[in-house]
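**Q** Following this message is one structure expressed as structure tokens.
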Amino acid sequence: MLDLLIINGHVIDPKNNVDEVMPVAIYGGRITKYEEGEEAKHVIDAKGKYVFPGLIDAHAHMFEDGTDIGLFPDVTYIPTGVTSAIDFSAGVSNYQIFRKAVIQQSKVRIKSFLQVCSAGLATTSYHENINPKYFNREKMARIFRDHKDNIIGLKIRNGEEIADGLGIQPLMATVEVAEKIGCPVQVHCTNLPVPTSEVLDILRPGDIFQHVYQGVQNTIVDEHGKLRDCILEARKRGIIFDTAEGRKHADYDVMKLAMEQGFIADICSTDLVLASMYRRPIFSLPNLMSRYLCMGISLNEVIKMTTERPAKLMGMENEIGCLSEGAYADVTIFDIIEKEQLYRDWKGTTFLADKLLKPEMTIKDGYIMYCAPDYIYEN
């Protein structure tokens with residue numbers, strides 16, 4: 001007998017090219033094959049709703065009580081359909097306590113990128129030190145080796161105000177360390193101190209260009225609004241482009257210009273912190289996804305940006321972010337409701353959306369962990 005059976009829901013699972021009404025069966029915390037007529041301990045009727053794999057937020061800051069910006073993973077994510085997330089908070093000096101105090105205690109599945117600054121993003125009182133002469137290269141290699149089941153790669157924030165006159169030397173040094181360790185690099189690209197092409201020339205296949213729609217300086221479009229050739233060339237080389245909008249890293253004009261020229265980011269993530277958790281304009285991953293949907297990106301593509309692709313980045317492409325037989329039973333049920341919402345970017349440009357992805361239920365490892373109070377799913 002199955003543990004859970006979801007019936008009548010419109011399933012969207014890009015990994016398996018599924019976009020239709022079909023049942024989803026769960027047994028022992030895993031997705032399992034459904035045999036016609038098979039009974040279940042609990043049946044969930046998702047008629048009129050959408051069923052997705054558990055969502056994945058590919059960029060967030062979850063070091064609660066260890067940094068000024070750390071949000072609370074479980075209360076932030078489980079009610080919004082997010083079952084996995086990637087953190088970018090800790091450095092070598094505090095990663096191990098982050099793992100013990102947050103990762104191991106959370107129901108949300110968390111993986112990490114290690115900040116090159118040893119103290120990570122401990123405080124908002126001042127920027128982290130990214131001067132390569134202070135990199136603890138030996139400890140980075142040791143921490144990565146000892147925690148390679150969790151740490152994905154290295155993170156460098158290389159905005160002009162953080163580099164403090166060093167240009168992209170910190171990024172070059174980070175890539176050198178990553179080459180020796182054997183891992184990808186993710187680079188914060190808001191307010192770049194050099195032309196966009198120079199940053200992309202340093203990056204390797206599998207590296208991540210973060211805050212792709214930023215509009216401060218050296219953006220992905222030129223002064224005439226044309227998408228820079230280096231962007232498409234980098235994508236062909238295997239560079240990954242992530243939104244990570246946060247409160248100050250999205251420019252709707254840049255986004256619309258890029259979309260009109262056929263460019264859409266590979267991954268949709270929030271860059272959520274404590275100050276933006278459940279606050280506009282980001283609020284939550286589904287809220288951000290809703291705006292992309294209203295801006296003309298297909299629902300299937302939006303789900304791919306928040307399931308299949310970040311699962312691959314986490315090295316778990318066949319275990320999460322999909323509803324494949326044998327995958328972890330991380331499942332979300334959503335409604336799409338008519339709802340006007342005014343979004344505003346960092347410079348005040350607005351976008352009026354008319355649809356909203358509303359989380360109805362979150363299932364993690366086969367357990368129902370959240371259900372909206374107005375969702376009646378059984379007789």
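The values are calculated or read from the model by the stated rules, or taken from the named source; none is laboratory data. Just so it is clear, the model here is predicted, and its values are computed rather than measured. We place every Cβ from the backbone using ideal geometry, glycine too, and count neighbours over all the protein chains shown.
**Q** Return the residues of segment 115-150 that are among the basic types (Lys, Arg) and either outside any loop (DSSP other than H, G, I, E, B) or touching a residue at least 24 places away in the same chain (Cβ under 8 Å) (or both); say none if nothing qualifies. Write out each step before concluding.
**A** Going through segment 115-150, the residues among the basic types (Lys, Arg) turn out to be 133, 137, 139, 142, 145, 148.
Answer for segment 115-150, where residues must be among the basic types (Lys, Arg) and either outside any loop (DSSP other than H, G, I, E, B) or touching a residue at least 24 places away in the same chain (Cβ under 8 Å) (or both): 133, 137, 139, 142, 145.
Residue-by-condition table, conditions (1) at pLDDT below 95; (2) in contact with an Asp or Glu (Cβ under 7 Å, 6 or more places away or on another chain); (3) buried (at least 24 other Cβ atoms within 10 Å of the Cβ); (4) not polar (S, T, N, Q):
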site: 235; (1), (2), (3), (4): no, no, no, yes
site: 252; (1), (2), (3), (4): no, yes, no, yes
site: 298; (1), (2), (3), (4): no, no, no, no
site: 306; (1), (2), (3), (4): no, no, yes, no
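**Q** Only residues that are touching a residue at least 60 places away in the same chain (Cβ under 8 Å) and more than 16 Å from residue 153 (Cα to Cα): list them for segment 78-107, please. First the steps, then the outcome.
**A** Here is the first cut: in segment 78-107, the ones touching a residue at least 60 places away in the same chain (Cβ under 8 Å) are 78-84, 86, 88, 107.
Passing the criteria: 78, 79, 80, 81, 82, 83, 84, 107.
**Q** Taking residue 282 and the conditions (1) under 30 Å from residue 123 (Cβ atoms); (2) modelled with pLDDT of 95 or more; (3) in contact with a Gly (Cβ under 9 Å, 6 or more places away or on another chain), which numbered condition does it fall short on, given that it satisfies the others?
**A** (2)
**Q** Further question on the same structure: Identify, by number, the condition in (1) free of Cβ contacts under 8 Å to residues at least 40 places away in the same chain; (2) outside any loop (DSSP other than H, G, I, E, B) that residue 369 doesn't meet.
**A** Against the list (1) free of Cβ contacts under 8 Å to residues at least 40 places away in the same chain; (2) outside any loop (DSSP other than H, G, I, E, B), residue 369 comes up short only on (1).
**Q** Could you check segment 49-83 and list, in sequence order, the residues that are over 18 Å from residue 246 (Cβ atoms) and not β-branched (Val, Ile, Thr)? Reasoning before the result, please.
**A** From segment 49-83, those over 18 Å from residue 246 (Cβ atoms) are 49-54, 65-66, 74-75, 78-79, 81, 83; that's our starting set.
Correct list: 49, 50, 52, 53, 54, 65, 66, 74, 79, 81.
**Q** Yes or no: segment 341-357 includes at least one residue that is assigned to a strand (DSSP E or B), hydrophobic (A, V, I, L, M, F, W, C) and surrounded by 21 or more Cβ atoms within 10 Å (Cβ to Cβ).
**A** At the first step, the residues of segment 341-357 found to be assigned to a strand (DSSP E or B) are 341-344, 350-357.
Going one step further and asking which of them are hydrophobic (A, V, I, L, M, F, W, C), we end up with 342, 351-353, 356-357.
Of the ones still in play, those that are also surrounded by 21 or more Cβ atoms within 10 Å (Cβ to Cβ) are 357.
Yes, segment 341-357 contains at least one residue that is assigned to a strand (DSSP E or B), hydrophobic (A, V, I, L, M, F, W, C) and surrounded by 21 or more Cβ atoms within 10 Å (Cβ to Cβ).
**Q** For segment 335-354, which positions are in contact (Cβ under 8 Å) with a residue 60 or more places away in the chain, out of contact with any Asp or Glu (no Cβ under 6 Å at 6 or more places or on another chain) and farther than 21 Å from residue 246 by Cα?
**A** Correct list: 336 only.
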